[in-house]
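A quick write-up on the structure given underneath.
The values are calculated or read from the model by the stated rules, or taken from the named source; none is laboratory data. Only a predicted model underlies this, so the values are computations on that prediction, with no experimental measurement involved. Because the Cβ atoms are built from the backbone with ideal geometry, glycine has one as well, and the counts that use them run over all protein chains shown.
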Amino acid sequence: MTTFTFFRLKLLFTSIVQNFSEDICMSFIEKSKILLIATFILGSAAKPSSSAIFNVASDFSLTNNPNGAWRYGWSSSLGSRFNLYSNVGKQTPTIDLWYDSTKTIRAPFVVHNSTATPNNSHPTITYQPGQLGFHPGYYGEYSIIRWIAPEAGEYSLDTTFMGLDHVGLTTTDVHVLHNNSLLFSNLINGFGASSAKSFTTTGTVQAGDTIDFAVGYGSNQTYSYDSTGLDVTISTTPAGVSKTVPEPSTVLGLGGLALSAFLGKMRMKRQRQQQLARNRVSAIAFPSSPRLS
Ligand SMILES: [Ca+2]
């Protein structure tokens, strides 16, 4: 549930509760029941949603950086200041590119094949449909894709780095860092599946924690032909939320039904009371005509 949706609901329930609180026909106990139901609905709705899945390639954006939980950028060394890429363009006419225009030949960078077909528009790389890659800089700058935890909770991480350049071949060093502490390091020397290095882990994060995926120019310390594929999936479960807890929409539906039923019952009671009051007024204003005998 978005913050906007939550506050719209809050305004709606506040309005309902206020209207009935001003109803003099309603007892204190009845008003208290309405408040309790509304509080339950809002309290349940305020809880974070259940598990979320983030994928670095399918979530890619060429228009937003930051892009949701993702950031595209670079640093001079591992763990040093993170700089967002501020320039977009094309590596080839059909391959998307994030880069820093102040850097030599636009490296380091991040690339993405947004087409639905294998793309060999680059002379030494074939990008698979939807594939994402990144590349270090001339001076050994690290290209980094950063994920920032939207909220506290548990996470599971599955990542694979792979050489993309079938001519070079790719020669890079790759890393995963949690809040700038190394979780994983390895070297990519080669091309394709045989060069791939994978890493999986689980853990906990606080809101705002960073998990970085970084690529450097490798043990040969040259950046030529160093395009490296990156596949990352992060699954999260917010703190305090069990996978068996009903979805907020379910809670809202059940809570809304309960509140509607209770309010309907109160309306009927009020209508009966108003009708009785009208009958009494009618009896006083129009007494029966005296019977002529
Ligand atoms: Ca290299």
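If you go through region 69-83 and keep only what is assigned to a loop (DSSP other than H, G, I, E, B) and in contact (Cβ under 8 Å) with a residue 24 or more places away in the chain, you end up with ALA69, SER76, SER77, LEU78, GLY79, PHE82. The single condition from (1) touching a strand residue (DSSP E or B) at 6+ places or on another chain (Cβ under 7 Å); (2) touching a residue at least 60 places away in the same chain (Cβ under 8 Å); (3) small (Gly, Ala, Ser) that SER219 fails is (2). So is GLY153 within 13 Å of the ligand (Cβ to nearest atom) and at positive phi or not? The answer is no for GLY153. Taking every residue in region 84-111 that is crowded, with 22+ Cβ neighbours inside 10 Å and pairing it with any residue that is part of a helix (DSSP H, G or I), at least 6 positions away or on another chain, the pairs with Cβ-Cβ distances below 9 Å are GLN91/ARG106; TYR99/ARG106. With respect to the stated conditions, LEU169 is farther than 18 Å from GLY73 by Cβ, modelled with pLDDT of 95 or more and within 11 Å of the ligand (Cβ to nearest atom). Filtering region 188-197 to residues that are within 29 Å of GLY68 (Cα to Cα), within 16 Å of the ligand (Cβ to nearest atom) and either within 25 Å of the chain's Cα centre (by Cα) or surrounded by fewer than 19 Cβ atoms within 10 Å (Cβ to Cβ) (or both) leaves only LYS197. The set of residues in region 151-174 being surrounded by fewer than 21 Cβ atoms within 10 Å (Cβ to Cβ) and either of a type in the set (A, V, I, L, M, F, W, C) or farther than 22 Å from TYR127 by Cβ (or both) consists of GLU151, ALA152, GLY153, GLU154, SER156, VAL167, LEU169.
Within region 198-237, the set of residues being buried (at least 21 other Cβ atoms within 10 Å of the Cβ), assigned to a loop (DSSP other than H, G, I, E, B) and among the polar types (S, T, N, Q) comprises SER227 only. Within region 127-138, not a single residue is more than 14 Å from the ligand (Cβ to nearest atom), at pLDDT below 95 and assigned to a loop (DSSP other than H, G, I, E, B). Looking only at residues in region 202-223 that are within 16 Å of the ligand (Cβ to nearest atom) and among the β-branched types (Val, Ile, Thr), the one that is farthest from LEU157 (Cα to Cα) is THR222.
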